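The values are calculated or read from the model by the stated rules, or taken from the named source; none is laboratory data. Source: prediction; values computed, not measured. Counting neighbours? That spans all protein chains shown, and the Cβs are built from the backbone with ideal geometry, glycine included.
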Amino acid sequence: MITFYPGPSKVYPQVADYAAQAVRDGIVSLNHRSAGFMDIVRETVQLLHEKLAIPAEYHIAFVSSATECWEIVAQSLTADASLHPHSGAFGKKWAEYAYKIKPPIELNRADVLCLVQNETSNGTQVQMKTLAQFRQEFTGIIAVDAVSSMAGITFDWQQADVWFASVQKCFGLPAGLAVLVYSPDALKHAQDISENEHYNSLLFIHENFAKFQTPYTPNGLGIYLLMRVLQQVPPIAQVNDVTKQRAANWYAFFEQEMTGSPFKLLITDKSVRSDTVIAVEGAPEAIRQIKAAAQQAGITLGNGYGDWKDTTFRIANFPAITDNEIEQLAQFLSAYQ
């Protein structure tokens, strides 16, 4: 079965061998305070800096999920209030979650701006130049949910203070681990707030990762698999070129090859179209039928989500997906017309 589901999505095929090696070599049994495990954490952090071009002064930690990162931002980095401009379901969910922890009593005093860089629910994204405008206009901390784009496209890391992503999308790994990246300014802001009441308080996390340790027993296998995948993938600049070319090809395909079909691109504004998730719109029955037909052909299309649940299907454009798999989906869609 070929999957284009936008998360959890396809894992790199080498992951199976990496996992087997982790069991054979006893990696999964390492104490998370041991020198051997700290070496794995150290190398994984170093590889993230190198392969994703993360600035040396930015800190990196591992947590369980992007949802946990929402919590960390709300409890450890929000002194007064957070702002949540959004274009889709996940931005809305982040706002709702954050406001349960830190109610929006005085939004005029907001010290954190929370943005979803790639809105998986509808295939939109915030371009780096737009993020740079936010950076000029907002004086507080900027936090970016980059779940569907980190490790798939290049970022201008300096335009935000906090970036985070789960690994089950562009990293090509199983779910259960997230990468949290934060700037010196974010750390100072956390120190000024001085919130240290939870197992996942940012200060407690930072204290441990400064020693390449974790504040709790982590997903050790997930960290090891992340290290091995980072060893195999090219630098992000190369990945970015491939991702964006594939995205351009998909958008051209639907605009040129599918004009007579019952389907069209959901997002008509080219300036906000996602590079990593392509959303395709159609009548509910047509959407149901094409997903079923694709499944019969051995291809899994992504379901719609949120307000677009019944009227869209989504195509993941993640690095682990091969050119051959993309060609098979394109042929299926062409023939389906």
note = By residue number, the members of the range 9-53 that are outside any helix (DSSP H, G or I), of a type in the set (Ser, Thr, Tyr) and in contact (Cβ under 8 Å) with a residue 24 or more places away in the chain are 9, 12
ask   = Of all the residues that make up the range 225-276, how many are farther than 21 Å from residue 120 by Cβ and charged (D, E, K, R)?
value = 4
request  = Find the residue count for the range 238-268, including only residues that are in contact (Cβ under 8 Å) with a residue 24 or more places away in the chain and loosely packed, with under 12 Cβ neighbours inside 10 Å.
outcome  = 1
ask   = In the set 244, 309, 291, which member is in contact with a Leu (Cβ under 6 Å, 6 or more places away or on another chain), outside the structural domain of residue 41 (by TED's automatic domain parsing) and at pLDDT 95 or above?
value = 291
Among (1) closer than 25 Å to residue 221 by Cβ; (2) without any contact (Cβ under 8 Å) to a residue 12 or more places away in the chain - the single one residue 202 does not satisfy = (2)
inquiry  = Tell me yes or no: at least one residue of the range 312-328 is in a helix (DSSP H, G or I) and more than 25 Å from the chain's Cα centre (by Cα).
reply    = yes
Lone unmet requirement of (1) in a helix (DSSP H, G or I); (2) surrounded by fewer than 23 Cβ atoms within 10 Å (Cβ to Cβ) for residue 72 = (2)
request  = Kindly indicate whether residue 223 is modelled with pLDDT of 95 or more and either assigned to a loop (DSSP other than H, G, I, E, B) or in contact with an Asp or Glu (Cβ under 6 Å, 6 or more places away or on another chain) (or both).
outcome  = no
task = Of the numbered conditions (1) of a type outside the set (Gly, Ala, Ser); (2) buried (at least 18 other Cβ atoms within 10 Å of the Cβ); (3) over 22 Å from residue 146 (Cα atoms), residue 289 fails exactly one; give the number of that condition.
result = (2)
query = Filtering the range 280-299 down to residues that are part of a strand (DSSP E or B) and in contact with a helix residue (DSSP H, G or I) (Cβ under 7 Å, 6 or more places away or on another chain), which residue is farthest from residue 249 (Cα to Cα)?
reply = 299
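One line per residue, one yes/no per condition, for (1) in contact (Cβ under 8 Å) with a residue 60 or more places away in the chain; (2) among the hydrophobic types (A, V, I, L, M, F, W, C); (3) more than 24 Å from residue 148 (Cβ to Cβ):
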position: 67; (1), (2), (3): no, no, no
position: 74; (1), (2), (3): no, yes, no
position: 77; (1), (2), (3): yes, yes, no
position: 80; (1), (2), (3): no, no, yes
position: 87; (1), (2), (3): yes, no, no
position: 91; (1), (2), (3): no, no, no
position: 112; (1), (2), (3): no, yes, no
key: Failed condition for residue 197, given (1) more than 22 Å from the chain's Cα centre (by Cα); (2) outside any loop (DSSP other than H, G, I, E, B)   = (2)
message = With the requirement that a residue be over 25 Å from residue 245 (Cα atoms), crowded, with 22+ Cβ neighbours inside 10 Å and within 12 Å of the chain's Cα centre (by Cα), what does the range 143-180 give you?
response = 177, 178, 179, 180
ask   = Is the range 125-142 home to any residue that is closer than 19 Å to residue 61 by Cα, buried (at least 24 other Cβ atoms within 10 Å of the Cβ) and aliphatic (A, V, I, L, M)?
value = yes
ask   = part of a strand (DSSP E or B), within 26 Å of residue 247 (Cα to Cα), at pLDDT 95 or above and among the β-branched types (Val, Ile, Thr) - does that describe any residue in the range 114-121?
value = yes
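Residues are listed down the side, and each one gets a yes or a no for (1) small (Gly, Ala, Ser); (2) in contact with a Ser or Thr (Cβ under 9 Å, 6 or more places away or on another chain); (3) under 24 Å from residue 152 (Cβ atoms):
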site	(1), (2), (3)
217	no, no, no
225	no, no, yes
238	no, no, yes
251	no, no, yes
254	no, yes, yes
258	no, yes, yes
270	no, no, yes
288	no, no, no
293	yes, no, no
